[in-house]
1. Rounded, prolate or oblate for the range 262-301? Axes are the square roots of the Cα gyration tensor eigenvalues, ordered a ≥ b ≥ c, and the cut-off for rounded is a/c under 1.5.
2. Taking H placed 1.01 Å from N in the peptide plane, check which residues at least 5 places from ASN238 or on another chain put their amide H under 5 Å from its amide H.
3. Helix 582-606 versus the longest principal axis of the chain: what angle, 0 to 90°, nearest 10, using Cα atoms?
4. Mind checking the angle between helix 297-306 and the chain's longest principal axis? C-alpha axes, 0 to 90 degrees, to the nearest 10.
5. List, in order, the whole-Hz ³J(HN,Hα) value for each residue of the range 476-488 obtained from phi through the Karplus relation with A = 6.51, B = -1.76, C = 1.60 and θ = phi - 60°; use x for Gly and Pro.
6. Angle check, please: helix 318-331 long axis (alpha carbons) against the longest principal axis of the chain (alpha carbons), in degrees 0 to 90, nearest 10.
7. In whole Å, what are the extents of the range 202-348 along the principal axes defined by its C-alpha atoms, from largest to smallest?
8. How would you classify the range 255-333 from its alpha-carbon gyration tensor, with a ≥ b ≥ c the square roots of the eigenvalues: rounded for a/c under 1.5, else prolate if a/b is greater than b/c, otherwise oblate?
Amino acid sequence: MHGYLQLQDQVIEEIRKSLDIVDVIGNYVQLKKQGKNYIGLCPFHSERTPSFSVSPDKQLYHCFGCGAGGNLFTFMMEIEGMTFTEAAQSLADRAHIDLGPSVSKKNAFRNPNDQKKKQTIEGLELLTKFYHYLLTTAKYGAPGMRYLEEREFNQEMIERFRIGYAVDRWDTVTHLLQKRNMNLQYMADAGIIAQRGFDNKYFDRFRNRIIFPIFNMRGQPVAFGGRTLGDAKPKYLNSPESDVFHKGSILYGFHLARPEIRKRSQAVLLEGYVDVVRAHQAGVTCSVASMGTSLTEAQAAALKRIADTIIICYDSDTAGIEASFRAAEMLQGDGKVIKIAKMPEGLDPDDYIRKFGGERFKSDVIGASQTLMTFKMNYLRRKRNLSDEGDRLLYIEDVLRELTAQRRAVERDHYLRLLSEEFSISMDSLRKQLQQMTVKVQRRDKKRMRVAPLVSSNRIPPAYEMAERRLLARMMRSREVSDRVRDSLGGSFTSEIHQALAAYLYAYYEQGNPPDEGLFLQKLDDPALQRKVTELSLMPMSDQVDEQEIGDCINQVIKHAKASLIAEKERQRKEAEQGGNYEQAARLLSEIIDAKKRLSQVQTEHD
């Protein structure tokens, strides 16, 4: 793997054996036990049926849908966009293992952009601590602490979310960064300081503001949100997008809410970071926020991977309702339960909790959240004038169209009955129209499926390919089998990837390594080979090696190789005849006859 040689084998092994892959991946994917393994929805592609498998015994994962696979290191590299060394450092920190200064200083982050990201995050971590220190020190933080106390934020939340205070000065942070030899341009690019046009000197962007650090999914500070204590505009000042901060891929509070979301399999989606802090203080610790922006596909995917039920709790104004509808459209599907919490007009969660208390927020808002269909009916109702006959009919059609996607017959009947009672329409008429609309939708979907290309992953591999796969899977589990295959076949596998994998396995055992798929994978650089290793490792096989099975597979591969050779010589013979080279054609014919005899002998021995 990239960077593997930069870290000593024993350190990598110590990390690999100190962590449970189920725990690490479980922070990103909702996993359920199935036999020996755990399954879930793949985080690397969109799917409705779980095909992502994690093996705690082998410490490997593989998706049978998209082919993604690997170990702890490859997972972190893929899910977080890390280099190998970054992944190793992150996992080492989790396992409380010291990689030593040679890795962190000399080898890691050789790419200039990686170096910039690393130094930027280090600077942001320093400032998170500094702003928090200023807030909690009476000499400097009294204005900020007074504001938080007036807003009834308790000390536990101030510590939990590492809230800070930026003093009302132009150069406090700039001087600190200079004193610590931080790259000021990096911090300017991250939007923490800025540069004056007339003398090019740097100055603090955040002044006299409560500082809310914004963390990425790993809990590293990547940006700041600042709420002014005075009359400065804007009221909320946020860091701009940067190399380390991509707003659309981050959910505020996710790293803190993740344990509770996993435990309850439920997430509450809010709009702003103040709402999240307030909700956690009220005991709704599975709350996260999209930070006032429309929910993105990346944010929706992160929530869907880890929660079965998602409650959307946005403001109740028109913009909030529209945003709730868009978010619900993105989150529904894959068997997820989506609910909408209805906020009283003019109140956000922060206001509501301060006015009525946390218990009422939990019971009367979150606990009383609407089903998605009820919310959609109310949403569609706002679009129509129901005193107008034409709009009434259009509203009924709108609701029926939504019901075509409803899988549960009991729920369909429930909402049909509501329509029937409200508009005095017979249930039979509504059912008939719903059936007609459902048939239209199904025809449209079938038409799309006919146009869509066939998925190659559904093909059934030929016998020789299955034989090669079974041999390689057995070889990774047993040196004896590997030695037998090497003596019988050498590198005579059909596909290039199987040839390469066999060659690496022979070399792996020659170096004295034990049969261990995880260790073998760790020594491979090629992502395609890594994926193939995980795919073969998770093939269902008996623990006991069947000598007859090994012999049959070897013969299958030999037969295919000889049959392929005969086919190639037949092609060459025809070309020779067509070109008038009859002497070469006769020689090739003799070789073909000999090859067919040898193939016949192999088949006889096999039979």
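1. Verdict is oblate for the range 262-301.
2. The answer is GLY226.
3. Approximately 80 degrees, to the nearest ten.
4. Long axis of 297-306 versus the principal axis of the chain: about 80 degrees.
5. Here the 3J(HN,Hα) series is 5, 9, 8, 5, 4, 5, 4, 5, 5, 5, 4, 5, 8 Hz.
6. Helix 318-331 sits roughly 20 degrees off the main axis of the chain.
7. 51, 35, 27
8. Oblate is the answer for the range 255-333, as a/c is 1.5 or above yet b/c matches or exceeds a/b.
Quick note: the coordinates plus some simple rules give every number you see, no bench work behind them. Here the structure is a predicted model, which is why all the values come from computation and not from measurement.
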